[in-house]
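Okay, structure first, notes after.
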């Protein structure tokens, strides 16, 4: 625990569950003292305000600062199969539990003030998996959209999908379009699901679209720049991720958002995806907040 001055402490490497208990105890103490002061002198009570690092979001753990919370978090959800094997369950059980983990992470992001969550749900390479597993995943996506859409809509989630959706089952495509349309005006958090997504394919597709425009005479080759390429990616109008999290101990990006993650901070954890809870996410955010993002610039010199 570090003393920051003015009655404020910074607690590091503390489980989120315990921090939440401390948070409630602290708030209760403030309420008791405030009522006591209010009974004696109403004016004095207005000066009694807790000094905390996150005054705008009471749900945020005490050792995280709202100013340094990432705007956009991307996740590679790895380890469902290994989790199921450890539990002596079929692989599909791992995918079911992984879907529940994703739902809880989405709610946590909303609670903690993160504006965008992007989940790598199914890659272009995942078609190589056993047919039974692929069919199950397609059905799982469809069932989740039908079952969870109403709740996500009520919670202000705006749903978006990135990838080549044309190869998906028609019934799943219909559910995707319905979820996008019904939540298009929601603003609490944006939830991007990458399905049949491959970053190399995405970049090649963008280049082909620009080549066609050059061939038609609509643009000149010298008109092509980074902004024009980005406008032809699946992720058009979506800010680049600030933080990428990959679970299960693997340390690679697996053809995910290669263009978009030029300056993204990366966090790798041995935790298997179905076990990735709020405590694990809390540790990822702590790691992120301890980094200095310079984007190629030189670190500012400290004053003498």
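Given the conditions (1) touching a helix residue (DSSP H, G or I) at 6+ places or on another chain (Cβ under 7 Å); (2) over 23 Å from residue 116 (Cα atoms); (3) assigned to a helix (DSSP H, G or I), and given that residue 219 satisfies all but one, which numbered condition is not satisfied?
(3)
When both residues are 6+ apart or on different chains and their Cβ atoms are under 8 Å apart, which pairs have a first residue that lies in region 216-228 and is in the same structural domain as residue 202 (by TED's automatic domain parsing), and a second that is in a loop (DSSP other than H, G, I, E, B) and at pLDDT 95 or above?
228/219
For region 59-83, which residues satisfy the criterion of being touching a residue at least 40 places away in the same chain (Cβ under 8 Å) and in a helix (DSSP H, G or I)? Spell out the reasoning first.
Within region 59-83, the first condition is being touching a residue at least 40 places away in the same chain (Cβ under 8 Å), and the residues that meet it are 59-66, 68-80, 82-83.
Passing the criteria: 66, 68, 80, 82, 83.
Any idea which of (1) in contact with a strand residue (DSSP E or B) (Cβ under 8 Å, 6 or more places away or on another chain); (2) assigned to a loop (DSSP other than H, G, I, E, B); (3) surrounded by 16 or more Cβ atoms within 10 Å (Cβ to Cβ) is the one residue 232 doesn't satisfy?
Evaluating residue 232 over (1) in contact with a strand residue (DSSP E or B) (Cβ under 8 Å, 6 or more places away or on another chain); (2) assigned to a loop (DSSP other than H, G, I, E, B); (3) surrounded by 16 or more Cβ atoms within 10 Å (Cβ to Cβ) leaves (1) as the failure.
The values are calculated or read from the model by the stated rules, or taken from the named source; none is laboratory data. Just so you know, these numbers come straight off a predicted model, no measurement behind them. Methodologically, a virtual Cβ is constructed for each residue, glycine included, from the backbone with ideal geometry; neighbour enumeration extends over all protein chains shown.
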